[in-house]
Number of protein chains: 2
Amino acid sequence: MSATENDLLLERQLCFGLSVASRSVIAAYKPVLAPLSLTHPQYLVMLTLWEAAPRTVKDIGATLMLESATLSPLLKRLEALGYISRQRSTADERALAIDLTPAGAALRQKALTVPGTMMERLGLNPERARALHTSMLALISAAHQTLADN
Amino acid sequence: MSATENDLLLERQLCFGLSVASRSVIAAYKPVLAPLSLTHPQYLVMLTLWEAAPRTVKDIGATLMLESATLSPLLKRLEALGYISRQRSTADERALAIDLTPAGAALRQKALTVPGTMMERLGLNPERARALHTSMLALISAAHQTLADN
DNA sequence: AAGATTTAGTTAGTGCACTAATCATTAGGG
DNA sequence: CCCTAATGATTAGTGCACTAACTAAATCTT
């Protein structure tokens, strides 16, 4: 088998591993987030709001690297759950101000145990987590670099 | 801010980084796979078939860690593209034999350049790729461990 | 001030990915 | 044997995530 053909095998272990890891970790979050009635992406949105609110859709999208087309329906589901409010900004009526409701703000208390639980379940200590994070950042950066080049 | 609350911030850098990295890498594949008319998950399925064919839906699912409910429509799209055939196995009529068509087998030649292109675009050398792969395997294993425990 | 342009969000359409329910086929146990 | 269990695949339904097309509001230009 040629070197190129060998790559074709190895390669499946690369991007493939990343995809499976992402899905596996999200699946591991599922039972932990279920008591909060949140999916994983919804949890990420709530995290951004617990750090700063109100925020615009665009701002949340920039933070999570998601298109506003993805966030629009997701935010409506969070509103239906009673965790956030969606109101046009008075200063700029193009912008939608996403803010926490009292229920959404209170949910933060229940979420405090999530990170510790997940770190333990994933067999990660802070050091390994940081190393992993660094690798991910490098990948993200390289991936976006190539997209910008085209 | 308490240690627990600090975790809530850090944590966003973890699973969040993994999700974004996965999406970013898949997005980087997109223009490379476009000439083959394949999406990223479709590409993974073709990789498994280039290694061994025919295979059953269940077998492909086990290899890629995907539910057969996910694969069913995906395989129909690959059939519509003319890359694979779907036929009930004669030995066991519950099983569906997924096989490569001549066009699907020929596509392998065009795919040979993909891994090299992507490695370069993602700024990875074989060593870093292997290290990343090891981390992903550990995560996958830990994540599935916790799911099995429940 | 009027018209063109850029910006913020939404909608429509495609494709994954999952769970739950269903159906046909096969394998086992009494 | 027959009847039940288990197995392999499909369907329906929910929720992301993306692109492209569109609306409305704000800003820029002349």
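Restricting B:37, B:24, B:85, B:19 to residues that are over 22 Å from residue A:13 (Cβ atoms) and either within 8 Å of DNA strand C (Cβ to nearest atom) or without any contact (Cβ under 8 Å) to a residue 40 or more places away in the chain (or both) narrows the list to B:85. Answer yes or no as to whether residue B:67 is modelled with pLDDT under 95 and either away from chain A (no Cβ under 14 Å) or within 16 Å of DNA strand C (Cβ to nearest atom) (or both). No: the conditions fail for residue B:67. Which of the residues belonging to the stretch B:40-52 are surrounded by 16 or more Cβ atoms within 10 Å (Cβ to Cβ) and more than 8 Å from DNA strand C (Cβ to nearest atom)? B:43, B:45, B:46, B:47, B:48, B:49, B:50 - these are the residues of the stretch B:40-52 that are surrounded by 16 or more Cβ atoms within 10 Å (Cβ to Cβ) and more than 8 Å from DNA strand C (Cβ to nearest atom). Going through (1) closer than 30 Å to residue A:113 by Cβ; (2) facing chain A (nearest Cβ under 8 Å); (3) at pLDDT 95 or above one by one, residue B:40 falls short only on (1). Could you grab me the full set of residues in the stretch A:24-39 that are at negative phi and either surrounded by fewer than 18 Cβ atoms within 10 Å (Cβ to Cβ) or outside any helix (DSSP H, G or I) (or both)? Correct list: A:27, A:30, A:31, A:34, A:35, A:36, A:38, A:39.
Listed by first and then second residue, the pairs with beta-carbon distance under 6 Å, at least 6 apart or on different chains, first residue in the stretch B:123-144 and of a type in the set (Ser, Thr, Tyr), second in a helix (DSSP H, G or I) and buried (at least 16 other Cβ atoms within 10 Å of the Cβ), are B:135/A:132. Restricting the stretch A:139-150 to residues that are more than 7 Å from every other protein chain (Cβ to nearest Cβ) and more than 17 Å from the chain's Cα centre (by Cα), the residue that is surrounded by the most Cβ atoms within 10 Å (Cβ to Cβ) is A:145. Looking at residue B:64, is it in contact (Cβ under 8 Å) with a residue 12 or more places away in the chain, more than 13 Å from DNA strand D (Cβ to nearest atom) and not charged (D, E, K, R)? No. Can you spot a residue in the stretch A:107-118 that is out of contact with any Cys (no Cβ under 9 Å at 6 or more places or on another chain), within 14 Å of chain B (Cβ to nearest Cβ) and within 16 Å of DNA strand C (Cβ to nearest atom)? The answer is no, given that none of the residues of the stretch A:107-118 is out of contact with any Cys (no Cβ under 9 Å at 6 or more places or on another chain), within 14 Å of chain B (Cβ to nearest Cβ) and within 16 Å of DNA strand C (Cβ to nearest atom).
Residues considered: A:115, A:126. Of these, the only one that is at pLDDT below 95 and under 17 Å from the mean Cα position of the chain (by Cα) is A:115. Can you spot a residue in the stretch B:73-83 that is more than 9 Å from DNA strand D (Cβ to nearest atom), among the small types (Gly, Ala, Ser), modelled with pLDDT of 95 or more and under 22 Å from residue B:33 (Cβ atoms)? Taking every residue of the stretch B:73-83 in turn, at least one turns out to be more than 9 Å from DNA strand D (Cβ to nearest atom), among the small types (Gly, Ala, Ser), modelled with pLDDT of 95 or more and under 22 Å from residue B:33 (Cβ atoms). Given the structure, is residue B:75 under 30 Å from residue B:15 (Cα atoms) and away from every other protein chain (no Cβ under 14 Å)? The answer is yes for residue B:75.
The values are calculated or read from the model by the stated rules, or taken from the named source; none is laboratory data. Bear in mind that the values here come from a model prediction, so they are computed numbers and not experimental data. Positions of Cβ are generated from backbone atoms using ideal geometry, with glycine treated the same way; all protein chains shown enter the neighbour counts.
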